[in-house]
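Enquirer: First the structure, which I've put down as structure tokens, then a few questions once you've had a look.
The values are calculated or read from the model by the stated rules, or taken from the named source; none is laboratory data. Given the structure is predicted, the values throughout are model-derived calculations rather than measurements. Cβ atoms come from the backbone with ideal geometry, glycine included; neighbour counts cover every protein chain shown.
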Amino acid sequence: MAYGIVHHFAGGTQEQYDASIAAVHPGPDQLPEGQVFHAAGPSEGGWTIVAVHESQASWEKFRDEILLPRMQAGIDGGFAGPPTETTIDLYALHTP
């Protein structure tokens, strides 16, 4: 089942997003293994990222093996603190 993650970084900026994504994604316009959708933009009070993974296990692997270790080590110019997180067991995912 597809698994959605919404992260909101209070006070986050586009510059912090760009630095963070460069550190955790495999390359420009490339998604991590298991991620099938990624969107991000400014939102009230900060920056919001929406990602969809093939499964909860796919998300947890990316989170535990790539995202958290790199964020805990510190990403130069990246988000200053952890986000608020909402996760969703997706009932429906429509793609073209």
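Enquirer: Give all pairs with beta carbons closer than 6 Å in which a residue from segment 60-71 that is at pLDDT 95 or above meets a residue that is surrounded by 13 or more Cβ atoms within 10 Å (Cβ to Cβ) and assigned to a helix (DSSP H, G or I); count only pairs at least 6 apart in sequence or on separate chains.
Expert: ILE66/VAL24; LEU67/VAL24; ARG70/ALA23; ARG70/VAL24
Enquirer: For segment 40-75, what are the residues that are in contact with a Ser or Thr (Cβ under 9 Å, 6 or more places away or on another chain) and loosely packed, with under 14 Cβ neighbours inside 10 Å?
Expert: Within segment 40-75, GLY41, PRO42 meet the criteria.
Enquirer: With respect to GLN16, determine if the residue is over 19 Å from THR86 (Cβ atoms), surrounded by 17 or more Cβ atoms within 10 Å (Cβ to Cβ), in contact (Cβ under 8 Å) with a residue 24 or more places away in the chain and within 13 Å of the chain's Cα centre (by Cα).
Expert: Criteria met by GLN16.
Enquirer: Residues of segment 27-39 being in a loop (DSSP other than H, G, I, E, B), surrounded by fewer than 16 Cβ atoms within 10 Å (Cβ to Cβ) and either free of Cβ contacts under 8 Å to residues at least 24 places away in the same chain or among the small types (Gly, Ala, Ser) (or both), which ones?
Expert: Result: GLY27, PRO28, ASP29, GLN30.
Enquirer: Within the group ALA57, ALA80, ALA73, which residue is over 25 Å from ASP18 (Cβ atoms) and among the hydrophobic types (A, V, I, L, M, F, W, C)?
Expert: So the residue among ALA57, ALA80, ALA73 that is over 25 Å from ASP18 (Cβ atoms) and among the hydrophobic types (A, V, I, L, M, F, W, C) is ALA57.
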